[in-house]
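> Got a structure here, written out as C-alpha cells. Questions coming.
The values are calculated or read from the model by the stated rules, or taken from the named source; none is laboratory data. All figures in this text were calculated on a predicted structure; none of them were measured in a lab. Glycine also receives a Cβ, built like all others from the backbone with ideal geometry; neighbour counts cover every protein chain displayed.
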C-alpha cells in the first residue's frame with residue numbers, strides 16, 4: 001500500500017497522486033516568476049495595477065495538466081488562458097536587511113515590505129475547454145428559526 005499511515009488533506013498536492021483523483025493545474029508566468037496554479041485557490045503574486053474584484057486573463061501559460069494530459073508550450077501554450085479575480089492588495093511581511101562591517105562600528109539595519117496582490121484562480125481554459133474547481137461536498141447547515149429554538 002503506497003499511502004499506508006499517511007493522512008492527506010484534500011488540498012494536499014499528494015492527495016491527487018495517491019488517490020488517483022483528477023488534477024488540473026497550470027504553470028503560469030507573472031511578475032518575472034513561474035507559478036503552479038489550480039482553479040479554486042488563491043495565490044500571492046507581484047503587484048498588479050488593477051482594482052479588487054476585477055477579473056484578469058493571463059495568457060502566459062507555460063504548461064497545462066488536465067487528468068495527466070500534459071500540454072507543454074514553446075515557450076507558451078497556444079490557446080491556453082488562466083482567468084482569475086483580484087481579491088486584494090496588501091504589503092507582505094517585513095524583510096530585515098542588516099549590513100555590518102566587522103571591526104569598524106558600521107552597522108545598517110533596514111526593512112523592506114513588498115507590495116503583493118492576492119489572486120483567486122477561477123478557471124483554466126485550453127482550446128475552448130474550460131476547467132474549473134470541483135464542487136465540494138460541504139453540507140449546508142441552516143440556522144434554526146426562532147420557532148424551532150423554543
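> Checking residue 91 against (1) touching a strand residue (DSSP E or B) at 6+ places or on another chain (Cβ under 8 Å); (2) within 14 Å of residue 125 (Cα to Cα), which single condition isn't satisfied?
In the conditions (1) touching a strand residue (DSSP E or B) at 6+ places or on another chain (Cβ under 8 Å); (2) within 14 Å of residue 125 (Cα to Cα), residue 91 misses (2) alone.
> Could you tell me whether residue 104 is in a strand (DSSP E or B), surrounded by fewer than 10 Cβ atoms within 10 Å (Cβ to Cβ), more than 18 Å from the chain's Cα centre (by Cα) and at pLDDT 90 or above?
Against the criterion (in a strand (DSSP E or B), surrounded by fewer than 10 Cβ atoms within 10 Å (Cβ to Cβ), more than 18 Å from the chain's Cα centre (by Cα) and at pLDDT 90 or above), residue 104 does not qualify.
> Of the residues in segment 64-86, how many are part of a strand (DSSP E or B) and within 20 Å of residue 134 (Cα to Cα)?
Going through segment 64-86 one residue at a time, the tally reaches 11.
> Say whether the condition of being at positive phi and part of a loop (DSSP other than H, G, I, E, B) is met by at least one residue in segment 92-100.
no
> Being closer than 16 Å to residue 117 by Cα and surrounded by 15 or more Cβ atoms within 10 Å (Cβ to Cβ) is the filter here; which residues of segment 30-81 pass it?
Of everything in segment 30-81, those that are closer than 16 Å to residue 117 by Cα and surrounded by 15 or more Cβ atoms within 10 Å (Cβ to Cβ) turn out to be 30, 35, 37, 43, 45, 48, 56, 58.
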